[in-house]
Structures are given as structure tokens and as C-alpha cells.
1. Would you mind computing Rg(Cα) / (2.2 N^0.38 Å) for segment 107-219, counting N as its residues?
2. Can you give the FRET efficiency for MET154 and VAL53, using 1/(1 + (r/R0)^6), R0 = 35 Å, r = Cβ-Cβ distance, to the nearest 0.05?
3. Going 7 Å from the Cα of ASP65 in the Cα-to-Cβ direction, what parts of segment 81-98 have a backbone nitrogen less than 20 Å from that spot?
4. Using only the alpha-carbon atoms, how far is helix 197-219 inclined from the longest principal axis of the chain? Give it as 0 to 90 degrees, nearest 10.
5. What FRET efficiency, computed as 1/(1 + (r/R0)^6) with R0 = 45 Å and r the Cβ-Cβ distance, is obtained for LEU198 and HIS146, rounded to the nearest 0.05?
6. For segment 19-84, report the convex hull volume of the alpha-carbon atoms normalised per residue, in Å³, without decimals.
7. So what's the back-of-envelope 222 nm ellipticity for the chain, counting only DSSP H runs of four-plus at -39500 (n - 2.57) apiece and dividing by all residues, rounded to 500?
8. Compare the peptides 202-211, 180-189 by average per-residue count of other Cβ atoms within 10 angstrom and give them in order, highest first.
Amino acid sequence: MKIGVFLTIEAYSEEHKQNEKYRCKVVDKDNKYLYIDYPVHLKMKRTSASFRVGTRMKAEYLGDDQSVYRFKTEVKKRNKGKIPTLALEIPESDKIERIQRREYVRIETAVDVALHSVYDNFAPFATVSVDLSGGGLSVVVPKDIHINDGEEIMVHLVLPMQSGEYHYLELKGEIIRLIHNVNSANTASIKLKSLDELDKQIIIRFCFEKQREARQKEMH
């Protein structure tokens, strides 16, 4: 777990409602503790100073292998300074659970997308996705839009999370292949390029939530 890694945390205490999620960043670490900046509520977008010493929580982060990891921890100290931090107990390695295998797990989902040509080779247009993964997506392309393979584009993606928040991502992409369909709209396969870690983690979390939602529906 490197300095600069983003954590998504969920506290379980009287002060915090169940299923309320926060985001923070690891700003320092030593042999005992991870030092995080004050968590920001994902939905309310407000920094929370209500994490007292002794607050227990679940935390998730994206590993170097593009898997999502989960562990339980506890606030051990509150440190004042130019950047106030919370010291979290570092878990034993066997207490860290891998919950997502790879970023390239592809899910079928229809989310709002807008495509812009980097070199103005086609007019910007709004559409919906066909599927999505941490490495790319497929989108519906109207018949009157002409896109070439290899086209460099900007992808504007809207991801509605289970927490009720919306993430608006602006990502670099490349058209890998345009698939021509006779009886329906064309589809384009897009590779996402130069993703920063936070954007990648948001996409992976969205895919994971959709997978979990689908499994829950199958069980009922």
C-alpha cells in the first residue's frame, strides 16, 4: 500500500450511519500506521472531522495488480499539523482480502457517454455505453457519425454509484474498432488511455458494484 493510494472507507460506529462511504488518501506511513488526510463524504462532498480515536472501519484500495483489496482497521491517533491526519492501524497481511480480480472485468451497462474528437474529425455527440471495464468500453454510434479506427478521442463518462453520488470523468481514449451493424446503430470499441489511479479506481468500483447488484438479483 503506497503513499498516495486512495482509500474508500466505511466506518461502523454510533456516529456514522451504516453504508456511508468516505474517500481519503494515504499521505504517509510507518511500521505501525497509515496516515490519511481527513476523509471526504462521497455523497455530501464534505470533509469529516468526526472520526474519533477508536473508530473502527472497513477500507478498500486498488493494488498494483489492479485488484481491489479490503481490510478492517481502527483510528489510533489524530495528528494536527499543516495537513491534519488520522493514524490507522496497519493490518496483518493475512487480514487483507482481495475482492476483485482484475480491472478488465467487463460488464454490460448503459451509462451516459459523450465523445469528442481530439483533432475535430467528427462533431461531438452524446450516446450510451454498451459495456464497460477498467481498460475500455463500447458505445453506440449513430449511423450518421463517421469515425475511423485509431481516432484519438476524449470520453466524457457519467457513473452513478450505489451511494447516490455521480462521478463525471473526462478520459483520453482511442477508437480500436468500429463495428457496422445492418439493422441497428453501429458500435465502437474504445481503449481508455493514461488513466490516473483515482479514475481507474472509480471505474473498477462501479463495475464491482454492478457485478454485485447482478449477483444479488440472481439470488432473489
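1. The value comes to 1.08.
2. In this case the efficiency is close to 0.20.
3. Within reach of a label on ASP65: 91-98.
4. Rounded to the nearest ten degrees, it is 90.
5. In this case the efficiency is close to 0.85.
6. Working: hull volume 7.6 nm³, N = 66.
So the per-residue hull volume is 116 Å³.
7. Computed mean residue ellipticity for the chain: -3500 deg cm²/dmol.
8. Taking the mean over residues of other Cβ atoms within 10 Å, the ranking is 202-211, 180-189.
Only the coordinates and a few stated rules stand behind these numbers; no lab work does. In this text, all values refer to a predicted model and were calculated from it rather than measured experimentally. All Cβ positions, glycine included, derive from the backbone under ideal geometry; neighbour counts span all protein chains shown.
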